[in-house]
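To start, the structure itself, in structure tokens.
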Amino acid sequence: MVSGSAPASRAELARAKVNLALHITGQRSDGYHLLASLVVFPQIGDRVALQPDEAFKLVLDGPFARDLEGPSNDNLIVKAVKAFAEAASIEIPDVALTLTKRLPVSSGIGGGSTDAATALRLLEDFTEVYLPDDELHALALKLGADVPVCLYSDPQIMRGIGDELEPAPAMPACAMLLVNPKVGVSTPDVFKALAGKTNEALPATPEAFDSLADLTAYLESCRNDMQAAAIGLCPEIGDVLAALQSDERIVLTRMSGSGATCFGLCEKSAAMDIERDLRKAHPEWWIASGPLG
Ligand code: C5P
């Protein structure tokens, strides 16, 4: 039998999308909000694997798989596969995509968006059909406002409704803690609860962040404009922020996206110890850490 050249299986880390700063600067007539955000992708995420199979299928596993609601056809990965096949004018590829759901769902770190973006990259490599950047970007935007930014793993400045992207300075060597009180927050509900929708723009980023102190100094002049509204809907976010803020090894703490996940920045050497201490104090929370720069 001829062995053929079946492409090998591949797996990728679908990195969490973390908004280090998120300024809401206006609202469009269709209801979508205008924002300006510094977005980073720590080495913390879901896993998406692709394997040739008899027909297309999505397999779900991992600690948060059971929180994915609805039929698997509603999963953003399936929508991404269909949209990709249509845009590339090909049949839906005969592959099994396995999503190992390690990030909490509806948690402000773009879990569904990063899974879909990672699936798109895996499909490009498997089919060897590479859509022009602007087509891939438009396809991603139709799937969700946060999907285009998740096509990248380098820091990005995101503007518009999330569709205008430009590279941000590289992150200094440091680590990030992510903590979620295991309470889901609805993004549209937080948008609705915002006190104001026209806030100050994101300050210009420096050319480089040479150290964690540099990054912290910049971020101290920034905000997450959704944080107060999210705490109003989900007071547990306040508990998470208080726990992170009370740890002297953490130099900056803020909520990501529409919550409830919050992040803490620290030196790389401290991350594992902080993670262990937080787990001991709050066994009911989801806690992860990983390098940033
Ligand atoms: O695009 P996505 O499905 O991720 O957005 C979820 C919801 O968040 C939208 O239906 C909208 O209500 C709100 N949203 C918004 N402005 C944005 C992004 C999302 O109002 N820039």
Of 183, 179, which residue is assigned by TED's automatic domain parsing to the domain that holds residue 242, in a strand (DSSP E or B) and under 29 Å from residue 270 (Cβ atoms)?
179
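Just the residues that are among the acidic types (Asp, Glu) and free of Cβ contacts under 8 Å to residues at least 40 places away in the same chain, please, taken from the stretch 27-66. Steps first, please.
If we filter the stretch 27-66 for residues that are among the acidic types (Asp, Glu), which is where we start, we get 30, 46, 53-54, 61.
Across the stretch 27-66, the qualifying residue is only 30.
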Select from the stretch 64-80 the residues that are at pLDDT below 95 and open to solvent by 70 Å² or more (accessible area, probe 1.4 Å) and list them in ascending order.
66, 69, 71, 73, 74
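Here's the yes/no breakdown for (1) closer than 28 Å to residue 229 by Cβ; (2) not basic (Lys, Arg):
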site: 16; (1), (2): yes, yes
site: 25; (1), (2): yes, yes
site: 30; (1), (2): yes, yes
site: 36; (1), (2): yes, yes
site: 43; (1), (2): no, yes
site: 62; (1), (2): no, yes
site: 78; (1), (2): no, yes
site: 82; (1), (2): no, no
site: 85; (1), (2): no, yes
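Quick grid of which residues meet (1) away from the ligand (no atom under 16 Å from the Cβ); (2) in a loop (DSSP other than H, G, I, E, B); (3) crowded, with 20+ Cβ neighbours inside 10 Å; (4) touching a residue at least 24 places away in the same chain (Cβ under 8 Å):
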{"site": "22", "(1), (2), (3), (4)": "no, no, yes, yes"}
{"site": "82", "(1), (2), (3), (4)": "yes, no, no, no"}
{"site": "98", "(1), (2), (3), (4)": "yes, no, no, yes"}
{"site": "107", "(1), (2), (3), (4)": "no, yes, yes, yes"}
May I ask you to say which residue of 135, 124, 86 is more than 16 Å from the ligand (Cβ to nearest atom), part of a helix (DSSP H, G or I), under 23 Å from residue 45 (Cα atoms) and not assigned by TED's automatic domain parsing to the domain that holds residue 209?
124
With respect to residue 214, determine if the residue is outside any strand (DSSP E or B), under 21 Å from residue 276 (Cα atoms), away from the ligand (no atom under 16 Å from the Cβ) and not hydroxyl-bearing (Ser, Thr, Tyr).
no
Can you work out which of the residues in the stretch 161-186 that are among the aliphatic types (A, V, I, L, M) and within 16 Å of the ligand (Cβ to nearest atom) is nearest to residue 26 (Cα to Cα)?
161
Restricting attention to the stretch 138-160, the residues that are part of a loop (DSSP other than H, G, I, E, B) and either farther than 17 Å from residue 37 by Cα or within 16 Å of the ligand (Cβ to nearest atom) (or both) number exactly 6
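On the given criteria, is residue 37 within 15 Å of the ligand (Cβ to nearest atom), among the polar types (S, T, N, Q) and part of a loop (DSSP other than H, G, I, E, B)? Even if it seems obvious, please write down each step before you answer.
On the way: within 15 Å of the ligand (Cβ to nearest atom): yes; among the polar types (S, T, N, Q): yes; part of a loop (DSSP other than H, G, I, E, B): no.
No, not satisfied.
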Go through 31, 45 for me and flag whichever is modelled with pLDDT under 95 and either under 28 Å from residue 260 (Cβ atoms) or of a type outside the set (Phe, Trp, Tyr) (or both).
31
When (1) farther than 30 Å from residue 203 by Cβ; (2) more than 16 Å from the ligand (Cβ to nearest atom); (3) not β-branched (Val, Ile, Thr) are applied to residue 75, the one that fails is (2)
Test of understanding: among 139, 103, which residue is at pLDDT 95 or above, more than 20 Å from residue 219 (Cα to Cα) and surrounded by 24 or more Cβ atoms within 10 Å (Cβ to Cβ)?
103
Selection within the stretch 161-176 - in a strand (DSSP E or B) and surrounded by 17 or more Cβ atoms within 10 Å (Cβ to Cβ)
165, 175, 176
Out of everything in the stretch 178-230 that is hydrophobic (A, V, I, L, M, F, W, C) and free of Cβ contacts under 8 Å to residues at least 24 places away in the same chain, what residue ends up being surrounded by the most Cβ atoms within 10 Å (Cβ to Cβ)?
217
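The values are calculated or read from the model by the stated rules, or taken from the named source; none is laboratory data. In this text the structure is predicted, and so the values were computed from the model without any measurement. Positions of Cβ are generated from backbone atoms using ideal geometry, with glycine treated the same way; all protein chains shown enter the neighbour counts. Only protein heavy atoms, including side chains, enter the accessible area calculation; ligands, DNA and RNA are left aside. Shrake-Rupley method; radii C 1.70, N 1.55, O 1.52, S 1.80 Å.
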